[in-house]
Amino acid sequence: MCTRTSDSINWLIERFVGILGILMATVMGVQVVARYVFNHSLFWSEEVGRILLVWLTFLGSTIAYKRKLHVGVDFLVRKLSPFGRRLCFIITVFASLIFFGTLVILGTKFLFVASMYKTAALGIPGNLIYAVIPFSGLVFIIHALNILIEALHRW
């Protein structure tokens, strides 16, 4: 059940991140053409690009975590016994879950602060921009629980 949920969420996020990436490349490309070919700067393009980058960063991180592509230093872990490696893995996943929970809790609190402002060019509410923080925290939690359950079944 948990694996199917994690896989489905990741599949959706991968497609969404692909769309966001295409949008960001398009917006930045149009800005370059407008500025250097037509000598006219688009007032909204930098703002939209920055917002897309925030969403790409957080959602892309969840994809990397699901695929186990984050950078890891396992020099010391490889020197441990099999039991020590398992214990280290479990501690790492639980520490990650604490961090991801913090993302959800503090990210949600931050949304209330961010709701008090709007972007300068387009007037987009700040809480819409930063809603990706607690959302990505929830996705991270789902993936971490899936990774933990899969590991416990293997052992």
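Return only the number of the condition from (1) surrounded by fewer than 19 Cβ atoms within 10 Å (Cβ to Cβ); (2) in contact with a Leu (Cβ under 6 Å, 6 or more places away or on another chain); (3) over 17 Å from residue 55 (Cα atoms); (4) of a type outside the set (Ser, Thr, Tyr) that residue 98 does not satisfy.
(2)
Any residue in the stretch 24-46 that's without any contact (Cβ under 8 Å) to a residue 40 or more places away in the chain: show its pairings with residues that are assigned to a helix (DSSP H, G or I) and among the hydroxyl-bearing types (Ser, Thr, Tyr) at Cβ separation under 8 Å, as long as the two are six or more apart or on different chains.
Partner pairs satisfying both residue conditions: 27/45; 28/45; 30/45; 31/45; 34/45.
Checking the condition farther than 21 Å from residue 145 by Cβ and part of a helix (DSSP H, G or I), which residue from 101, 84, 60 passes?
84
Inside the stretch 118-134, can you point out the residues that are in contact (Cβ under 8 Å) with a residue 60 or more places away in the chain and under 18 Å from residue 55 (Cα atoms)?
Of the residues in the stretch 118-134, the ones in contact (Cβ under 8 Å) with a residue 60 or more places away in the chain are 119-122, 124, 129-130, 132-133.
119, 122, 124, 129, 130, 132, 133 - these are the residues of the stretch 118-134 that are in contact (Cβ under 8 Å) with a residue 60 or more places away in the chain and under 18 Å from residue 55 (Cα atoms).
Got at least one residue in the stretch 80-89 being of a type in the set (Phe, Trp, Tyr) and under 28 Å from residue 54 (Cβ atoms)?
No, because not a single residue in the stretch 80-89 is of a type in the set (Phe, Trp, Tyr) and under 28 Å from residue 54 (Cβ atoms).
Restricting the first residue to the stretch 102-117 and requiring it to be surrounded by 13 or more Cβ atoms within 10 Å (Cβ to Cβ), which pairs with a second residue that is hydrophobic (A, V, I, L, M, F, W, C) and part of a loop (DSSP other than H, G, I, E, B) meet a Cβ separation below 8 Å and a spacing of at least six or different chains?
If the second residue must be hydrophobic (A, V, I, L, M, F, W, C) and part of a loop (DSSP other than H, G, I, E, B), the pairs left are 111/131.
Can you pull out every residue in the stretch 104-133 that is more than 18 Å from residue 57 (Cβ to Cβ) and either in a helix (DSSP H, G or I) or among the aliphatic types (A, V, I, L, M) (or both)?
Within the stretch 104-133, 105, 108, 109, 112, 113, 116, 120, 121, 122 qualify.
Got at least one residue in the stretch 147-154 being of a type in the set (A, V, I, L, M), touching an Asp or Glu at 6+ places or on another chain (Cβ under 9 Å), farther than 14 Å from residue 66 by Cβ and at pLDDT below 95?
no
Pairs needed: first member in the stretch 68-79, within 19 Å of residue 144 (Cβ to Cβ); second member anywhere, surrounded by 10 or more Cβ atoms within 10 Å (Cβ to Cβ) and modelled with pLDDT of 85 or more; C-beta distance under 7 Å; at least 6 residues apart or different chains.
70/64; 77/85; 77/88
The values are calculated or read from the model by the stated rules, or taken from the named source; none is laboratory data. All figures in this text were calculated on a predicted structure; none of them were measured in a lab. No Cβ is skipped: glycine too gets one built from the backbone with ideal geometry, and neighbour counts run over all protein chains shown.
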